[in-house]
Amino acid sequence: MADLTTPATTAIEDCLAVTSGESVAVVTDDKRLPIGEALYEVASDVTPDATLVRYQPGDQHGAEPPEPVAGAMAHSDVFVAPTTKSLSHTRARTKACDSGARGATLPGITEEVFTTGLDADYESIARECEEMLELVSTAEEIRITTELGTDFLVRPGERTWNADTGLVHESGDFSNLPAGEVFVSPEDAEGTYVVDGTMMPHGLLDDDQTLRFEVKDGYVTEISDPEIREQVEAAATEVGDAAYNLAELGIGTNLAVESLVGSVLLDEKAAGTVHIAIGDDAGIGGDTEAPLHLDGIIRDPTVVVDGDEIELPSP
């Protein structure tokens with residue numbers, strides 16, 4: 001069995017900087033309990049006000065957790081959420097941060113990803129994020145191309161770029177763990193993007209496997225993969241066209257992630273990749289609420305910012 005204490009200590013003490021006078025809510029589910037318990041044990045060594053909240057895994061990434069879970073997040077100084085399905089793009093997470101809690105989500109985390117992904121220099125990751133922000137934060141247009149057929153244009157508009165550094169030290173701060181990306185929810189997007197890295201429900205794609213998406217006026221119009229198409233169609237029965245929203249463009253900045261492993265949580269942070277997501281963006285600066293957020297990782301992209309190609313971080 002993997003030693004979970006070391007990465008849990010990195011998360012609690014370095015990334016979240018928990019102090020003895022703070023309350024901590026560790027939110028986990030039945031499938032991620034060992035990681036939740038490791039985080040709870042470390043948090044309990046730091047502060048007497050640590051709580052472990054366990055619930056049944058959600059049905060979809062971005063689905064709202066039960067109300068007691070949301071309440072625990074909102075009424076703690078710090079929350080950390082190793083869960084099967086992502087809480088990152090939920091109203092529960094947004095409300096918790098708006099109320100002053102700082103926290104980190106670890107969606108789909110496995111013990112392998114927990115032990116490898118938290119073995120990183122988060123000060124270095126923060127520097128890479130800042131350097132990338134300087135290149136993209138004022139961009140009017142960003143074009144992504146690949147040899148496999150991606151030719152995709154995003155216009156951030158008035159939306160703000162964000163940095164996921166893993167350093168969650170101030171009230172209201174939020175990050176994924178493992179961390180390492182800059183991202184934006186664009187006002188408009190169009191073109192074709194071809195995922196050749198990792199995307200759920202498939203995980204790491206085979207060498208000859210690709211997933212093609214067509215986008216027009218900021219909405220996905222065609223999805224080549226039937227399983228992903230079924231997920232989006234199911235969400236659309238609940239929220240309509242919002243399920244097809246082009247939600248995010250992200251650029252990986254974690255130099256420690258040298259190869260993709262099949263975990264979206266880790267792979268989307270890999271230096272030298274970009275990822276594009278469908279669905280909810282209300283939690284990252286957009287205005288669309290949907291019960292899903294589906295990231296697809298693209299390898300070896302060329303990124304052109306307002307006509308000039310930029311150099312991506314390289315491990």
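If you average over every viewing direction, what projected area does the convex hull of the Cα atoms of segment 87-184 give, in nm²?
Taking the Cα atoms of segment 87-184, their convex hull projects to 8.1 nm² on average.
Among His75, Met199, Ile278, whose Cα projects farthest towards the positive end of the dipole of the chain, with charges put on the beta-carbon of Lys, Arg (+1) and Asp, Glu (-1)?
His75
Counting other C-beta atoms within 10 Å, which of Thr253, Thr105 has the fewest, and how do the rest follow?
Exposure proxy ranking, most exposed first: Thr105, Thr253.
Roughly what % antiparallel, to the nearest 5, for the DSSP beta bridges in segment 122-310?
100 percent
Okay, helix-only estimate at 222 nm for the chain: each DSSP H run of n ≥ 4 adds -39500 (n - 2.57), divide by all residues, round to 500 deg cm²/dmol; what do you get? All intermediate terms of the calculation are to be shown ahead of the outcome.
On the way: 8 runs with 75 residues, N = 315.
Using -39500 (n - 2.57) per qualifying helix, the result is -7000 deg cm²/dmol.
Hey, got the dipole for the chain? About the Cα centre, +1 on K and R Cβ, -1 on D and E Cβ, debye to the nearest 20?
It comes to approximately 820 debye.
Tilt of helix 33-46 relative to the longest C-alpha principal axis of the chain, in degrees (0 to 90, nearest 10)?
That works out to roughly 50 degrees.
In what order do Val264, Val182, Val239 fall by count of nearby beta-carbon atoms within 10 Å, going from fewest to most?
Val239, Val182, Val264
Using θ = phi - 60° and the Karplus form 6.51 cos²θ - 1.76 cosθ + 1.60, what ³J(HN,Hα) does each residue of segment 89-106 get, whole Hz, x for Gly and Pro?
9, 10, 5, 4, 5, 4, 5, 4, 5, 5, 7, x, 6, 10, x, 9, 10, 10
Indicate, rounded to the nearest 5 percent, the antiparallel portion of the DSSP beta bridges found entirely in the chain.
On the way: 47 of 66 bridges.
The antiparallel fraction comes to roughly 70 percent.
Looking at segment 259-315, which GluC sites (Glu not before Pro) are DSSP coil and have at most 12 other C-beta atoms within 10 Å of their C-beta?
Glu311
Please give the FRET efficiency for Glu222 paired with Glu187, using the beta carbon to beta carbon distance and R0 = 25 Å, rounded to the nearest 0.05.
0.75
Nearest 10 degrees is fine. How inclined is helix 122-136 to the longest principal axis of the chain, computing both from alpha carbons?
With both axes taken from Cα atoms, the answer is about 30 degrees.
Which value, in debye to the nearest 20, gives the size of the charge dipole of segment 240-297 about its Cα centre, when Lys and Arg are +1 and Asp and Glu are -1 at the Cβ? Walk me through the numbers on the way to the answer.
Details: 1 positive and 10 negative charges, 46 e Å.
Here segment 240-297 has a charge dipole of around 220 debye.
Between segment 85-143 and segment 208-238, how many Å separate their Cα centres?
With segment 85-143 and segment 208-238 each reduced to a Cα centre, they are spaced 24 Å.
Normalised radius of gyration for segment 122-310, please: alpha carbon Rg relative to 2.2 N^0.38 Å, two decimal places. Show your work: numbers first, answer last.
Working: Rg = 15.3 Å, N = 189, 2.2 N^0.38 = 16.1 Å.
Dividing the Cα Rg of segment 122-310 by 2.2 N^0.38 Å gives 0.95.
In percent, how large is the relative contact order of segment 5-117, given Cα pairs closer than 8 Å and 6 or more residues apart?
28 percent
R0 = 35 Å: FRET efficiency of Arg155 with Ser314, Cβ-based, nearest 0.05?
It comes out at approximately 0.85.
Mind giving me the nanometre distance, one decimal, between the label points for Val304 and Thr138, set 7 Å out from Cα along Cα→Cβ?
2.1 nm
Stretched out fully, how many nm does the piece from Leu33 to Glu230 gain, at 0.36 nm a residue minus the Cα gap?
Length gained, Leu33 through Glu230: 68.0 nm.
Hey, fewest Cβ within 10 Å first, where do Val232, Val27, Val184, Val195 land in order?
Least crowded to most crowded, the residues run Val232, Val184, Val195, Val27.
Compute for segment 5-117: radius of gyration divided by Kirkwood radius, i.e. Rg/Rh, restricted to C-alpha atoms, rounded to two decimals.
0.92
Could you check the spin-label model distance between Gln209 and Asp59? Points 7 Å from the Cα along Cα→Cβ, value in nm.
2.5 nm
Hey, what angle do you get for helix 226-239 against the long axis of the chain, alpha-carbon based, 0 to 90 degrees rounded to 10?
Helix 226-239 sits at roughly 70 degrees to that axis.
Read-outs: derived from the displayed coordinates by stated rules, not from any lab. What you see is a predicted model; the values in this text were computed from it and never measured. Quick reminder, even Gly has a Cβ in these numbers, built from the backbone with ideal geometry, and neighbours come from all protein chains shown.
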